[in-house]
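Peer 1: Mind having a look at this structure? Questions to follow.
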Amino acid sequence: MIFIKFLLVFLVGFTFLFLAHSQKFRDTNKFVLLVLFSIGIYFIIFPAQTDEIAQYFGIGKGTDLILYLSNAILLLLVAVLYAKSSTLSERITKIVRNRTIENGKKIDISKTTKSEENKLD
């Protein structure tokens, strides 16, 4: 049991260090990550505490509490990523539209053929 706890703490700590140093997180995001991973390590070391916290909130077991919290965090993450994806899509559309308009103004009509002029009208 102690080996598994040590292994889990090592994996959680390694994951935190990997995320904190490989991504371009702001300091506030790093702090939130540190708090979440610290809570995770605490619950790995003292699993009975999750049962006490779950009982306080009226939930049967600590594992149920962790499952509910995980689902809530994942749903929040999906909502944030969807919002960012929509924002990026709108920005890309505006950039492409502006580039197309800029390139359209540069067409030299004197070099077009008669059939192309009819299409432009």
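Peer 1: Tell me which residues, restricted to segment 55-73, are within 14 Å of Gly40 (Cα to Cα) and either surrounded by fewer than 10 Cβ atoms within 10 Å (Cβ to Cβ) or of a type in the set (A, V, I, L, M) (or both).
Peer 2: Of everything in segment 55-73, those that are within 14 Å of Gly40 (Cα to Cα) and either surrounded by fewer than 10 Cβ atoms within 10 Å (Cβ to Cβ) or of a type in the set (A, V, I, L, M) (or both) turn out to be Leu65, Ile66, Leu67, Leu69, Ile73.
Peer 1: Would you point out which residue out of Phe25, Phe31, Phe3, Phe10 is modelled with pLDDT of 80 or more, more than 17 Å from Ile66 (Cα to Cα), of a type in the set (A, V, I, L, M, F, W, C) and under 17 Å from the mean Cα position of the chain (by Cα)? Don't jump to the end; show me each part of the working.
Peer 2: Numbers: Phe25 fails: modelled with pLDDT of 80 or more; Phe3 fails: under 17 Å from the mean Cα position of the chain (by Cα); Phe10 fails: under 17 Å from the mean Cα position of the chain (by Cα).
Selected residue: Phe31, the only one of Phe25, Phe31, Phe3, Phe10 that is modelled with pLDDT of 80 or more, more than 17 Å from Ile66 (Cα to Cα), of a type in the set (A, V, I, L, M, F, W, C) and under 17 Å from the mean Cα position of the chain (by Cα).
Peer 1: Right, something else. Considering only residues of segment 42-54 that are among the hydrophobic types (A, V, I, L, M, F, W, C) and in contact with a helix residue (DSSP H, G or I) (Cβ under 9 Å, 6 or more places away or on another chain), which is surrounded by the fewest Cβ atoms within 10 Å (Cβ to Cβ)? Full working, then the answer.
Peer 2: Pass one, segment 42-54, residues among the hydrophobic types (A, V, I, L, M, F, W, C): 43-46, 48, 53-54.
Cutting the leftovers down to in contact with a helix residue (DSSP H, G or I) (Cβ under 9 Å, 6 or more places away or on another chain) gives us 43-45, 48, 53-54.
On the way: Phe43: 18, Ile44: 17, Ile45: 12, Ala48: 9, Ile53: 14, Ala54: 18.
Per the stated criteria, the residue is Ala48.
Peer 1: Quick check, is Ile39 touching a helix residue (DSSP H, G or I) at 6+ places or on another chain (Cβ under 8 Å) and modelled with pLDDT under 90?
Peer 2: Values: touching a helix residue (DSSP H, G or I) at 6+ places or on another chain (Cβ under 8 Å): no; modelled with pLDDT under 90: yes.
Criteria not met by Ile39.
Peer 1: May I ask you to list the residues in segment 95-121 that are modelled with pLDDT of 80 or more, among the charged types (D, E, K, R) and either surrounded by 10 or more Cβ atoms within 10 Å (Cβ to Cβ) or touching a helix residue (DSSP H, G or I) at 6+ places or on another chain (Cβ under 8 Å) (or both)?
Peer 2: Residues satisfying the conditions are Arg97, Arg99.
Peer 1: Turning to a different aspect of this structure: With the checklist (1) touching a Leu at 6+ places or on another chain (Cβ under 7 Å); (2) over 18 Å from Leu77 (Cα atoms) in hand, flag the one item Phe16 doesn't pass.
Peer 2: Failing condition for Phe16: (2).
Peer 1: Can you name the condition, by its number, that Thr87 falls short on among (1) part of a helix (DSSP H, G or I); (2) at pLDDT below 85?
Peer 2: (2)
The values are calculated or read from the model by the stated rules, or taken from the named source; none is laboratory data. Only a predicted model underlies this, so the values are computations on that prediction, with no experimental measurement involved. Positions of Cβ are backbone-derived with ideal geometry, glycine not excepted, and every protein chain shown enters the neighbour counts.
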